Amino acid sequence: TALVELDDVSKYYGNIRALEGVSLEVHAGEISCVLGDNGAGKSTLIKIIAGLHQHDAGAFSIEGEEVRLASPREALDRGIATVYQDLAVVPLMPVWRNFFLGSEPTRGSGPSKRLDVRLMRETTRRELLRMGIDLRDVDQPIGTLSGGERQCVAIARAVYFGAKVLVLDEPTAALGVKQSGVVLKYVAAARDAGLGVVLITHNPHHAYLVGDRFVLLKRGGMVGSHSKQEITLDE
Ligand code: ADP
Ligand code: ADP
């Protein structure tokens, strides 16, 4: 079964059609890309999956169970972590404190979060390194990291705290070519760690570099849905 499945989901803001008849599957160890220009409904789709909005029609299921998430907390408790474009970091806080920020114990599994400072520093360094980022000084304010590095810290954090599904809101939107490459490599590392990833982007090139499934939205409607095999040229 899919980790997350949207089946024919619609969402209206009053008379405005934000999403209509959109379907999406997210599987463990795969990256599902959602493509579309401004106004396509990408943010609305994220908000439904992240527990900020509820859909008006269709079905939203997590691991086969139909759900309506009442809050972001509920999404997180069910293993869905969302990394927003404007990362909710505290710029002057050390990297390690941001890594553990808001990490009070949640229901369910995951490593014990009651750790001492020394251990939190070490854990942050180790977890970043495990994903391929060698940050020597985890005491530096997170505001001194590049946008790409901050995305990577946020992704490493979600992986460490046991997320099953990682929703990424335009993680490369503000980045140059090099930084984008680093972040995409990192997204692939999360996939290789077994997470199901939802990659929201308006950049088809980035989607095709790492994606396994593709959904194309236009003005709230789904104008395309493809698997990797369907869009690759070789047989
Ligand atoms: P995207 O993230 O792809 O730019 P959105 O999901 O933000 O698209 O928006 C989809 C449509 O819904 C747009 O027409 C947008 O103007 C509209 N919309 C989004 N949020 C609201 C809201 N809170 N109230 C009314 N209309 C909204
Ligand atoms: P939910 O999925 O939580 O029920 P709502 O449908 O209540 O979400 O709307 C989500 C947000 O969009 C709210 O902040 C609401 O005020 C706003 N909103 C809904 N419809 C409109 C609209 N037609 N124009 C502007 N904002 C709207």
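Just a few scattered comments:
- On the stretch given as the stretch 1-57, residues that are away from ligand 2 (no atom under 16 Å from the Cβ) and either in a strand (DSSP E or B) or out of contact with any helix residue (DSSP H, G or I) (no Cβ under 7 Å at 6 or more places or on another chain) (or both) total 22.
- Pairs, first free of Cβ contacts under 8 Å to residues at least 24 places away in the same chain in the stretch 207-229, second in a loop (DSSP other than H, G, I, E, B) and open to solvent by less than 40 Å² (accessible area, probe 1.4 Å), C-beta under 7 Å, six or more apart: Lys228/Gly211
- Any chance Thr82 is surrounded by 21 or more Cβ atoms within 10 Å (Cβ to Cβ), within 16 Å of ligand 2 (Cβ to nearest atom), within 24 Å of Lys185 (Cβ to Cβ) and at pLDDT 90 or above: yes
- Failed criterion for Leu45 (all others in (1) surrounded by fewer than 14 Cβ atoms within 10 Å (Cβ to Cβ); (2) near ligand 1 (Cβ under 10 Å from one of its atoms) hold): (1)
- Those helices (runs of 4 or more DSSP H) of the stretch 118-235 in which at least 2 residues are touching a Leu at 6+ places or on another chain (Cβ under 7 Å) and open to solvent by 60 Å² or more (accessible area, probe 1.4 Å), considering only elements entirely within it, cover 204-210.
- Pairs with Cβ under 7 Å, 6+ apart, first in the stretch 62-87 and farther than 13 Å from Val165 by Cα, second hydroxyl-bearing (Ser, Thr, Tyr) and surrounded by 14 or more Cβ atoms within 10 Å (Cβ to Cβ): Val67/Ser61
- Ile31 vs. criteria of a type outside the set (Gly, Ala, Ser), closer than 11 Å to Arg213 by Cβ and surrounded by 16 or more Cβ atoms within 10 Å (Cβ to Cβ): yes
The values are calculated or read from the model by the stated rules, or taken from the named source; none is laboratory data. Everything numeric in this text was worked out from a predicted model, so none of it was measured. Glycine also receives a Cβ, built like all others from the backbone with ideal geometry; neighbour counts cover every protein chain displayed. Quick note on the areas: whole protein, heavy atoms, side chains included, nothing else; ligands and nucleic acids left out. Shrake-Rupley method; radii C 1.70, N 1.55, O 1.52, S 1.80 Å.
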